[in-house]
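*Asks:* Questions regarding the structure given below will be posed in turn.
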Amino acid sequence: MMSSDEKPLPFKSWIGSRYHETRFMVLAESAYTWTEDGETFVPDLDHSTGIVEHAIDHLEAASRSMVTMTRALCADAAPSREQRAAGWATVAFNNFVPGSIGHGARARPSREAWDHARASFLETLPSTRPTRLLVLGKANWNNLPLDHWDQATQTYRLPDGSRILVHHTAHPAAIGMSWTRMADAIEQLRAASLPD
């Protein structure tokens with residue numbers, strides 16, 4: 001459990017090489033510590049970039065969530081490495097909850113972790129400056145901060161007055177969530193008109 005004086009720093013976002021053209025960001029929920037071949041791995045500040053690069057280079061060994069997201073971004077069930085690189089190049093990606101939430105994929109964020117995530121979330125958005133934000137998972141959506149939120153337009157307003165259009169969808173690892181459903185959610189948000 002995280003103590004109040006040991007708050008983790010937010011992960012650095014994956015920023016695709018063509019992100020400046022789309023300003024489309026994907027916000028996953030959280031990361032966990034895992035063990036592989038007897039060695040324990042704790043997510044570091046570059047975790048978001050690392051898991052995207054792993055999905056691009058080794059899709060067959062990626063987590064279910066990253067496989068679903070990669071296929072959806074490529075609109076292809078079996079994308080080539082070039083397609084995977086091109087798909088991820090168009091987005092920014094990060095986790096809402098900073099640091100590790102525990103050991104293994106079944107770990108869940110504590111109340112303190114959600115509180116810390118809400119407190120730091122709006123501070124991190126200006127560095128990526130998305131115009132569209134796809135939030136993955138119901139718990140993630142339900143824990144977003146309400147500061148600067150406009151329910152009528154489904155947008156966040158940044159301190160400089162710019163807006164971020166926000167949609168949410170089921171978590172990529174949720175039962176019944178297919179890459180085609182995720183691709184539809186991505187396309188729907190990409191096609192949505194930005195508010196004035």
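*Asks:* Rounded to the nearest whole Å², what accessible area per residue is found for segment 41-196 with the 1.4 Å probe?
*Replies:* About 49 Å² of surface per residue is accessible.
*Asks:* Using only Cα atoms, what Kirkwood radius does segment 5-61 have, in angstroms?
*Replies:* It works out to 13.3 Å.
*Asks:* For the chain, which whole-number percentage of the solvent-accessible area (1.4 Å probe, protein heavy atoms only) is attributable to carbon and sulfur atoms?
*Replies:* So the carbon and sulfur contribution to the accessible surface is 51 percent.
*Asks:* Now a separate question. Probe radius 1.4 Å, ligands and nucleic acids left out: which of ASP150, ASP184 has the largest accessible area, and how do the rest follow?
*Replies:* ASP184, ASP150
*Asks:* How big is the Kirkwood radius of segment 108-148, worked out from every pair of different alpha carbons and given in Å to one decimal?
*Replies:* 11.2 Å
*Asks:* Projected area of the chain, taken from the Cα convex hull and averaged over every viewing direction, in nm²?
*Replies:* The directionally averaged projection comes out at 11.2 nm².
*Asks:* In addition: Over segment 1-98, with a single point scatterer placed on each C-alpha, what log10 of the ratio I(q)/I(0) does the Debye formula yield at q = 0.21 1/Å?
*Replies:* Taking Cα atoms of segment 1-98 as identical point scatterers yields -1.09.
*Asks:* Report the dimensions of segment 43-99 along its three principal axes from the alpha-carbon atoms, largest first, rounded to Å.
*Replies:* 31, 22, 15
*Asks:* Evaluate segment 131-183: find the radius of gyration of its Cα atoms, find its Kirkwood radius, and give the ratio Rg to Rh.
*Replies:* In segment 131-183, Rg relative to Rh is 1.04.
*Asks:* Okay, next question. Give the Rg/Rh ratio for segment 47-162, taking Rg as the radius of gyration of the Cα atoms and Rh as the Kirkwood radius, to two decimals.
*Replies:* That ratio equals 0.99.
The values are calculated or read from the model by the stated rules, or taken from the named source; none is laboratory data. What you see is a predicted model; the values in this text were computed from it and never measured. Remember, those area values only see protein heavy atoms, side chains included, never the ligands or the DNA or RNA. Shrake-Rupley method; radii C 1.70, N 1.55, O 1.52, S 1.80 Å.
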